[in-house]
Amino acid sequence: MLAYSLKRLGVALLVALTVSLITFSMIYISGDPALAIAGEGARQQDVENIRRFYGFDRPIYVQYLDWLWSALHGDLGRSYNLRQPVADVIFQRLPTTMLLGACAITFALVLAIPLGVLAAVKPNSIFDRVSLTLAVIGQAMPSFWFALTLILWFGVYWRLLPITGQDSWWNFVMPSIALGYYVTPAVMRLTRAGMLEVLSSDYIRTARAKGLKPMRVLFKHALRNAIIPVVALAAVQFGFMLGGSIVIETIFQINGLGYLAWESIQRKDLPMMQAIVLVLSIIYVLITFLADMLNAFLDPRIRVA
Amino acid sequence: MAETGVVRAGMMTAEEILAPSPGARLRKRIFGHFGLMLGGGVLLLIILMALLAGVLSPHDPYDQQLARKLIPPFWHTSPKVTWDHVLGTDHLGRDYLSRLLHGAQVSLIIGFAAMVISGVIGTVIGVLAGYFGGRVDMAVNFIITTRLSMPVVLVALAVVSIVGSSLTVVIWVLGLLIWDRFAVVMRSATQQVRSLEFVTAAEAVGCSPARILLTEIAPNVMNHLIVVATLEMAHAILLEAALSFLGLGVQPPTPSWGLMISEAKGLMYFDPWLISIPGVALFLLVLSINLVGDGLRDVSAPENRS
C-alpha cells in the first residue's frame, strides 16, 4: 500500500507542477501580455510602463519561478481589478462553489444509485428502458438551456423557487439540479453494471440460499460491493463540476468561484484567471489522488497493479 | 474470380449458401436499429438544412428591421403572427428561422472541425501508447492525466478571451482541449488488438511497426474511433454553445444557437420561445448525434457479429 501510495503521490505532484507551467504560459498565448492588458491603440510608452510594472520585462523562466515560489507560499498575486490579493478573494468564494458542487453531486447520487439498482434488479424491463431513454435525453440537453428552462417553469410560471442569489437553501435547489443532472446517467450506468455483475456472483446466491431477506441481500451484500467504482466516479465528477460551475453560477448569480472566473475573464484579470485555473486543477488532482487511495483501500487488488 | 466463387460454393453446405451474406447481415443490423435510424434521420435532416440554409432561408439572417421586432412564432395567437416569419423575429427584428438555419452551419462546422483536430491528436497518442506500451504508455498516461485535471470550459474561456474570439479560434481551442476521450479509448482498443494473434504473426514475419499499425491495428480499432468521434462532435457542439452563451464563443452578429439563447436571455420571461427554439434545435442535434454514436456502437460490437 505504501509503495503504491508514494508512486501515486509522485505522479500527482508532477501533474500539479505541469499544470502550473501550462497555467503560467496561458497569458503568453497571445504573445505579449502587456499589450493584451493595455488594449488596442495604447501608446507605446504605456505598454512599456505596464510591462515594467507587472514584471513582464524579466526573463520568462525568472517570472515562472518567481510566480511558482510565491504560489507555494500562498501568494497568487494581486488582482488587476479588485486590487486585492487573489488568494484572499479565491478562498472567500471557494466555499460557495464547494457547497454547490456537494449539493449537485448529492442530487445526482440520490437520483442515480436507486435507479441503477432498480434497473439492475429487473434488466431489460420497461423501467430499465425508460431510465436509459431518460439518460440519453438528459445528456443531450445543454446545461445552460436546461437551467434557463428550470428558471422559467419553477421560478416564473409556478413561483416555487427563487430565481437568483444565495440567501437560503432554496436558492441552491435549481443550480444543484442543473449542475448535477448531467452526471446522473454515468452514475446510473455504472451502478447498474456493477450490480448486474455482483448479483450473478456466488456469494449472493449463498446469501439468498441462506434465506436472507431480499432487501438485505440487495443493499447490504450486493450494493456495498457494486458501489466501489461509483465512489471514484463521483469524486472525479465532483472535480469536473467545480470547473463546470462557471456556466451555472453565472446564470443563477451565485457568488462562487465560477462567477468570479467569469468576471475576471470578462475584465482580462490575468492573475485571477491563472489562479482560478491553478486552484481548480490542484483540487482536481487532490480529489483524484484521494479517490485512488480510497479505491486501493477498498479493493486490495488495485494496490498490486 | 467467378470460378473460385463457384468452387467455394461447391464446398459450402446448403444452409451456408442460403444464409444472408455478411454485408446483408450488417445492413439488417443497421436498418433494424431504431435509435440509429431515428438519430441518423434527424441528423441528416439538420445537415441538409445547414447545407441549404442559403436557399431555404426566407430572409437575410443579418437583416435588422426594428419595426418588425419580436414577432412570435406561428403557433402563437398574437395578431402580430405572420407566415412571412414562421418562427418569428428576434429583438432586432431578424428572421428567427433564417438565423436558426444559418446557426446549424456554425454548430456543425465547429463540431466537425474540433472533432477532427481532437481526433487526430487523441488517436495518434492513444494508438502509440497502446502499441508501444512501456515508457511511451507512461508518458501518454501522464499527458492525459494532466489534461483531465484542467477544467475545459474555464481554460477555453480564458484562452479565447486572451487571444480574441473568432470561429477559427474557437475551433482550435476546443480541438486542442477535448482529445482526452479519443486518447483513452484508442489506447485501450489498441492494447486489446495488439495482444491478438494476427499482430504477433505480422511481427513474426518481420513487418515494420508502421505497417502493423496501418494495416493490422487501424482497421480493427476503426469502429471505436467512429463511435468516439460522434460523441466528441456532440461534446464540441455543446461546448461551443456554452462558450457563445457566455459571450466568448462565436461573436455577434453571426448566428449561433448558443449566442441566440444568450441574446434572448433577458427577454425570456416575456418571449420564452426565443430561448426554446434554439434550445430545442441544439438538443435535437446533440441527441441525434449521440443516438448515431450509441447505435454504431451497438451495431459494430463484436458480440453482435456472429
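In chain A, taking the dipole from charged Cβ atoms about the Cα centre, the farthest positive-side position among A:278, A:173, A:259 is held by A:173. Residue-wise HN-Hα couplings along the stretch A:225-240, as the Karplus relation 6.51 cos²θ - 1.76 cosθ + 1.60 with θ = phi - 60° gives them from phi, are 7, 6, 7, 3, x, 5, 4, 5, 4, 4, 4, 5, 5, 4, x, 4 Hz; Gly and Pro carry x.
Could you work out the relative contact order of chain A, using alpha carbon pairs under 8 angstrom and six or more residues apart, expressed as a whole percent? Don't jump to the answer; show the numbers that get you there.
Details: 321 pairs, mean separation 78.0, N = 305.
Relative contact order of chain A: 26 percent.
When the accessible area of the stretch A:210-305 is split by element with a 1.4 Å probe, what percent falls to carbon and sulfur? It is 64 percent, rounded to a whole number. With the alpha-carbon atoms of chain A aligned to their principal axes, the span from lowest to highest coordinate is 84, 58, 29 Å, starting with the largest. Here the Gaussian network model covers chain A, with springs between Cα atoms less than 10 Å apart; of A:19, A:217, A:173, A:217 fluctuates the most.
In order along the stretch B:78-90, the phi-based Karplus estimate (6.51 cos²θ - 1.76 cosθ + 1.60, θ = phi - 60°) of 3J(HN,Hα) comes to 4, x, 6, 4, 9, 6, 5, 10, 4, 9, x, 10, 8 Hz; Gly and Pro are listed as x. With a 1.4 angstrom probe, the accessible area lost at the A-B interface totals about 3600 Å². Accessible area of the stretch B:209-306 with a 1.4 Å probe: how many percent of it is carbon plus sulfur? Taking all protein chains in place, the stretch B:209-306 shows 66 percent carbon and sulfur surface. For the stretch A:1-69 versus the stretch B:97-135, the spacing of their alpha-carbon centroids is 28 Å.
Please tell me which of these pairs span more than 31 angstrom C-alpha to C-alpha: A:7/A:122; A:268/B:69; A:122/A:210; B:80/B:265? Don't jump to the answer; show the numbers that get you there.
Working: A:7/A:122 41 Å; A:268/B:69 34 Å; A:122/A:210 22 Å; B:80/B:265 22 Å.
Over 31 Å apart, Cα to Cα: A:7/A:122; A:268/B:69.
Residue by residue, the stretch B:246-253 carries 3J(HN,Hα) couplings of 7, x, 10, x, 5, 8, x, x Hz when phi is fed to the Karplus relation 6.51 cos²θ - 1.76 cosθ + 1.60 (θ = phi - 60°); x denotes Gly or Pro. Measuring nothing but protein heavy atoms, the accessible surface of the stretch B:116-186 at 1.4 Å probe radius is 77 percent carbon and sulfur. Under 5 Å from the amide H of residue B:89 lie the amide H atoms of B:70, B:71, B:96, each residue being 5 or more positions distant or on a separate chain, with H modelled from the backbone and absent for Pro and chain starts.
Calculated accessible area for the protein assembly as shown comes out at 49 Å² per residue, all protein chains present (probe 1.4 Å; ligands, DNA, RNA ignored). Close amide H contacts of residue A:78 (hydrogens built in the peptide plane, cut-off under 5 Å, sequence separation of 5 or more or a different chain): A:86.
The values are calculated or read from the model by the stated rules, or taken from the named source; none is laboratory data. Here the structure is a predicted model, which is why all the values come from computation and not from measurement. Backbone-built Cβ (ideal geometry, glycine too); neighbour counts: all protein chains shown. Side chains included, ligands, DNA and RNA excluded: accessible areas come from the protein's heavy atoms. Shrake-Rupley method; radii C 1.70, N 1.55, O 1.52, S 1.80 Å.
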